[in-house]
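The values are calculated or read from the model by the stated rules, or taken from the named source; none is laboratory data. Here the structure is a predicted model, which is why all the values come from computation and not from measurement. Cβ sites come from the backbone with ideal geometry, for glycine too, and all protein chains shown count toward neighbours. The accessibility values were calculated without ligands, DNA or RNA, using every heavy atom of the protein model including side chains. Shrake-Rupley method; radii C 1.70, N 1.55, O 1.52, S 1.80 Å.
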Amino acid sequence: MTGRPRDVYVVDAVRTPIGKYGGALSRVRPDDLAAGVLGALVSRTPDLDPARIDDVFFGNANGAGEDNRDVARMAVLLAGLPVTVPGSTVNRLCGSGMEAVIQAARAIAAGDASIAVAGGVESMSRSPWVVQKPERGFPAGHQQMYSTTLGWRMVNPRMPEEWTVPLGEGAELVAERYGIDRAAQDAFALASHRKAARAWQEGLYDGEVVPVDGVELARDECIRDATSPEALAKLKPVFRADGTVTAGNSSPLNDGAAALLLVDEDGLRATGREPLARIGASAVTGIEPQYFGAGPVEAVQRALKKAGRGLGGLHTVELNEAFAAQALACLSQWPGLDPEIVNPRGGAIAIGHPLGASGARITGAVAHQLAAAGSGTGLAALCIGVGQGLALVLER
């Protein structure tokens, strides 16, 4: 590439309603979920010739089941796009959907593409069990079966044990390190449900969420309108008998997909639309794997520095809520950030966290919120299992 990087715009962003584990979307294959949002996204821009899409990037954290063999390319074919449209699947675990956006934006900024789709998909309900191949034929003993739904499996024995703790234990460690107590976690979770329920009641998701063919699911399936401080307080800790992390203050297991249409100036003219937002700076950082929940702290600071922005100048923030403990830990390290602008329409504790889709979901959410405001700077960020953080700045 020569000269100045091209500006990259978000023309549109869509997502499915997020289904609960074993719920309404559990009978839908992940490649069909991905194809659904891809097709819906393209259909909302009728002036765009689908053959002009230079590439499709999709995030996916599992890839062990029906999402195998490059689910992005499968989605292109299943959605009925021209066979000339390629597709690439990327994996940065919980950050995969945002990683797809960043990679698509880089391709456009570098001049390698003019129009691209970026998104993510996960069906945690349909994640298969897997069995390792025996080292030699016809073993006489039993073989271990692993669930691919979530977390560590088939761990390399050279990995230090303190790194390979369950994700919930990692949340407990973060709560200890940053002094996040049970009451604060439950209060954060309650607020997430209330904000999400209110956003749906007020129609704030009407322009963003698209239906899934053959499924009756009017809104995100895990939102608990009737939950209360008393109900959350009754839940027992999951990972430690004397711990603070419960099912109520953690994100659930989920199914869903999201997609964004990204373009340069020429691509924008081809769509005939006004963009929602412009892609700004991004940053990725690493941290000790067991403290993965604090991963976004440094990533956010780096992304904002690249963008020439500060925490006090943000209009909206989407911080993925893997656990209330980790979200609160991150917020405690950003004293200049107004907590009232964080996840204003609810977060993953209420909406859900389909791993490969969440980064695309929150990026699209920021774009829609900036468009609704008319101007401003927004931020999306996630913690990532095995110790990473990812952040992206958007502007309008």
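Considered as a group, the residues in the range 219-238 that are open to solvent by 90 Å² or more (accessible area, probe 1.4 Å) and not aliphatic (A, V, I, L, M) include one that is nearest to Glu169 (Cα to Cα), and that residue is Lys236. If a residue has to be over 30 Å from Leu25 (Cβ atoms), out of contact with any Phe, Trp or Tyr (no Cβ under 8 Å at 6 or more places or on another chain) and of a type in the set (A, V, I, L, M) to count, how many in the range 218-269 make the cut? Residues flagged as over 30 Å from Leu25 (Cβ atoms), out of contact with any Phe, Trp or Tyr (no Cβ under 8 Å at 6 or more places or on another chain) and of a type in the set (A, V, I, L, M) within the range 218-269 amount to 2.
For (1) at pLDDT 95 or above; (2) part of a helix (DSSP H, G or I), each residue gets a yes or a no:
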| residue | (1), (2) |
| --- | --- |
| Arg73 | yes, yes |
| Val85 | yes, no |
| Ser88 | yes, no |
| Asp112 | yes, no |
| Ala118 | yes, no |
| Gly141 | no, no |
| Pro157 | yes, no |
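Pro339 satisfies every condition listed in (1) farther than 25 Å from Ala61 by Cβ; (2) touching a residue at least 24 places away in the same chain (Cβ under 8 Å) except (2).
Go through the residues of the range 252-261 one by one and say whether even a single one is open to solvent by 30 Å² or more (accessible area, probe 1.4 Å), out of contact with any Ser or Thr (no Cβ under 8 Å at 6 or more places or on another chain) and modelled with pLDDT of 95 or more.
Yes: one or more hits.
Here the range 65-86 is the region considered, the condition is being aliphatic (A, V, I, L, M) and open to solvent by 50 Å² or more (accessible area, probe 1.4 Å), and the residue that is nearest to Gly359 (Cα to Cα) is Met74. Evaluating Gln290 against the criteria (1) in contact with a Lys or Arg (Cβ under 9 Å, 6 or more places away or on another chain); (2) closer than 18 Å to Tyr178 by Cβ leaves one unmet condition, (1).
Taking the range 305-354 as the search range and keeping residues that are charged (D, E, K, R) and under 24 Å from Gly179 (Cβ atoms), which one is least open to solvent (accessible area, probe 1.4 Å)?
First, the residues of the range 305-354 that are charged (D, E, K, R): 305-306, 309, 318, 321, 338, 340, 345.
This time we only want the ones that are under 24 Å from Gly179 (Cβ atoms), so: 321, 338, 340.
Values: Glu321: 2, Asp338: 73, Glu340: 147 Å².
Ranking the qualifying residues of the range 305-354, first place goes to Glu321.
Scanning the range 51-58 turns up at least one residue that is in contact (Cβ under 8 Å) with a residue 60 or more places away in the chain, closer than 20 Å to Val263 by Cα and within 16 Å of the chain's Cα centre (by Cα).
Every residue, every condition in (1) polar (S, T, N, Q); (2) exposed (fewer than 10 other Cβ atoms within 10 Å of the Cβ), yes or no:
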{"residue": "His142", "(1), (2)": "no, yes"}
{"residue": "Met145", "(1), (2)": "no, no"}
{"residue": "Thr148", "(1), (2)": "yes, no"}
{"residue": "Val155", "(1), (2)": "no, no"}
{"residue": "Met159", "(1), (2)": "no, no"}
{"residue": "Leu167", "(1), (2)": "no, no"}
{"residue": "Ala171", "(1), (2)": "no, no"}
{"residue": "Gln185", "(1), (2)": "yes, no"}
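Within the range 129-137, identify whether any single residue is over 17 Å from the mean Cα position of the chain (by Cα) and of a type in the set (Val, Ile, Thr), and answer yes or no. Working first, answer last.
Of the range 129-137, the ones over 17 Å from the mean Cα position of the chain (by Cα) are 129-137.
Subsequent filtering for residues that are of a type in the set (Val, Ile, Thr) retains 130-131.
Scanning the range 129-137 turns up at least one residue that is over 17 Å from the mean Cα position of the chain (by Cα) and of a type in the set (Val, Ile, Thr).
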